[in-house]
Every structure is written in C-alpha cells, then in structure tokens.
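**Q** One structure, as structure tokens, below. Some questions next.
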Amino acid sequence: MDTIISPSILSADFANLQRDISCISDAGADWVHIDVMDGHFVPNITIGAPVVKSLRKITNMILDVHLMISEPNKYIDDFIDAGADIITFHYEAQSSLALEIIKKIKSKGILAGLSIKPMTPSYILKDFIPYLDMVLIMTVEPGFGGQKFMHECVSKIADVKEMARVFAKDNLYIQVDGGINDITAKICKKMGANSLVAGNYIFNNKDLKKAICSLRE
Ligand code: DX5
Ligand code: ZN
C-alpha cells in the first residue's frame, strides 16, 4: 500500500479553505483530514458538520473526519449526511459504545476508524480490529496543531500492524497524527504506518508539493 497523505486543514487558512484544499489536491495529497473538536473531549473548538457539508460541495477528495468529541454516537449521522468518507472517533470518548458506533458508520457505506490518545494502551484495540477500516494512533495529545511528536507512542504502531496480521486485515489503514514531519514520518512508516496526517509541516511549507513528497520518501 502506498503511503496515504492526509493534510490537516486545522493548519490551513479557515477563510480560504476552498483555495487551500485545491492547493493540497494539486500538490498530490490523497485525503483531507478534518479535525472536529468540541471544547469538552479536548480543550479546543474547531469545525462542525456544516463545514464538512460545504467542503463536500467543493472537492471530490476523500474527507477524512477525525472526531475529537465527547459523544460521537450523537453526531455520527450529521457527519455522514454532510458527506464524510471516513469517520474516526476516540475510544476514550465512549468505550462501551465503540463497537456499536463502528457498526453504525459501516452500515452507511463509509469507512470507520478508531483512535487512541497517547496514554491509552494498544491492547484495547484488539477486539475492534476485525470491524475497522482504520486505526489512528495519536502521537500528540489531541487538541492542537503544531505540538511535538511523542516518540513513546511509536511502538503502538507496530502493535497494530501485528494485530492486523493476526486478523488478516491486509487493507487496514494504520494512521498517525500529531507532530508528523519528514523525520517522524520515516519512523512511523518503518513501524508500519500507512497513512500520515500532517498539519503544520505541510501548510507552513512554501512548497506544498515538496512537503508532501518528503513524507512519502
Ligand atoms: C491534533 C489534530 C491533528 C493536528 C495535527 O489534535 O488531531 O490532526 O491538526 O497537526 P500537526 O501536524 O501540526 O501536529
Ligand atoms: Zn487529527
């Protein structure tokens, strides 16, 4: 599987999202990563379903929606109706409903992802792997762009790769998010990540194409 690059528009210009999405598309990005934060699960408020709906109208790119919200089960339908292609939510937000939420997402014909924060161990993912399209290993505490990559999370990537092997899930996306640049991307890919989210590293680079290519190298 070629490495999927999913630029996080949290680092884009919110007054020019159409322009910035067109720029990352021209620069060769695969997906658009949309960080949804509710000011409760994380200490920041960002984007909601109406914005996803508007973005759906202006791009055919895959909308990779990362929900950092307390009660994902209440809002899944809104994001599906808005046109998300992938919905990833956090295990920590509603651990007892996680399987139900995954099945709900899948029943609507889109891809389901489950994410864990840096302090959450990888073994909790085991029961969900057979049902998932993607696992997102956070390599910073969710909430803000531009934070420092946490090297202590890296071994969890290999744990997930091994779980995917055990369950014969060859197509499982193993995504990492937080502090990804050309150096940390190499470390994550070596451990088995095949989908990289990057905000600051891509959008703060004058040459978007070069930045995206450097994550693939
Ligand atoms: C953090 C978000 C990330 C963030 C990544 O909670 O989930 O997607 O935008 O930003 P960088 O790549 O700047 O760490
Ligand atoms: Zn994210």
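**Q** Being among the aromatic types (F, W, Y), out of contact with any Asp or Glu (no Cβ under 6 Å at 6 or more places or on another chain) and crowded, with 19+ Cβ neighbours inside 10 Å, is that true of even one residue in the stretch 84-103?
**A** Looking for residues that are among the aromatic types (F, W, Y), out of contact with any Asp or Glu (no Cβ under 6 Å at 6 or more places or on another chain) and crowded, with 19+ Cβ neighbours inside 10 Å, one finds at least one in the stretch 84-103, hence yes.
**Q** Also: Which members of the stretch 119-146 meet the condition of being in contact with an Asp or Glu (Cβ under 7 Å, 6 or more places away or on another chain) and either more than 21 Å from L99 (Cα to Cα) or of a type in the set (G, A, S) (or both)?
**A** Matches in the stretch 119-146: S122, T139.
**Q** Looking at N181, is it without any contact (Cβ under 8 Å) to a residue 40 or more places away in the chain and within 16 Å of ligand 2 (Cβ to nearest atom)?
**A** yes
**Q** Looking at the stretch 1-12, I want the residues that are within 17 Å of M68 (Cβ to Cβ) and have a partner that is β-branched (V, I, T) and open to solvent by 30 Å² or more (accessible area, probe 1.4 Å) with Cβ atoms under 9 Å, at least 6 apart or on another chain. Which pairs are those?
**A** Hits for this filter: S6/I62; L10/T46.
**Q** For the stretch 45-64, how many residues meet the condition of being within 17 Å of S8 (Cβ to Cβ) and surrounded by 16 or more Cβ atoms within 10 Å (Cβ to Cβ)?
**A** Qualifying residue count for the region: 11.
**Q** Sort through I86, I76, I62, I69 and tell me the only one that's away from ligand 2 (no atom under 16 Å from the Cβ), within 18 Å of the chain's Cα centre (by Cα) and in contact (Cβ under 8 Å) with a residue 24 or more places away in the chain.
**A** The match here is I76.
**Q** Within the stretch 31-44, count every residue that is away from ligand 2 (no atom under 15 Å from the Cβ) and either open to solvent by less than 50 Å² (accessible area, probe 1.4 Å) or of a type in the set (D, E, K, R) (or both).
**A** Total satisfying the criteria: 1.
**Q** To continue, here is another question. Scan the stretch 95-108 and give yes if some residue there is of a type in the set (A, V, I, L, M) and either modelled with pLDDT under 95 or within 16 Å of ligand 1 (Cβ to nearest atom) (or both), otherwise no.
**A** No: the stretch 95-108 contains no residue that is of a type in the set (A, V, I, L, M) and either modelled with pLDDT under 95 or within 16 Å of ligand 1 (Cβ to nearest atom) (or both).
**Q** Is it the case that some residue within the stretch 135-148 is surrounded by 14 or more Cβ atoms within 10 Å (Cβ to Cβ), within 17 Å of the chain's Cα centre (by Cα), within 16 Å of ligand 2 (Cβ to nearest atom) and of a type in the set (D, E, K, R)?
**A** yes
**Q** On to the next question. Given (1) touching a helix residue (DSSP H, G or I) at 6+ places or on another chain (Cβ under 6 Å); (2) in a helix (DSSP H, G or I); (3) of a type in the set (A, V, I, L, M); (4) more than 10 Å from ligand 1 (Cβ to nearest atom), where does I212 come up short, assuming only one miss?
**A** All conditions are met except number (1).
**Q** Shifting gears a bit: Do any helices (runs of 4 or more DSSP H) lying entirely in the stretch 28-107 carry at least 3 residues that are touching a strand residue (DSSP E or B) at 6+ places or on another chain (Cβ under 8 Å) and more than 27 Å from I202 (Cβ to Cβ), and which ones are they?
**A** 98-107
**Q** Just checking, which of A168, A164 is loosely packed, with under 15 Cβ neighbours inside 10 Å and either free of Cβ contacts under 8 Å to residues at least 24 places away in the same chain or part of a helix (DSSP H, G or I) (or both)?
**A** Only one candidate passes the filter, namely A168.
The values are calculated or read from the model by the stated rules, or taken from the named source; none is laboratory data. Since the structure is predicted, the reported quantities are computational estimates derived from the model, not experimental observations. Glycine also receives a Cβ, built like all others from the backbone with ideal geometry; neighbour counts cover every protein chain displayed. Side chains are part of the model used for accessible areas, which takes the heavy atoms of the whole protein and leaves out ligands, DNA and RNA. Shrake-Rupley method; radii C 1.70, N 1.55, O 1.52, S 1.80 Å.
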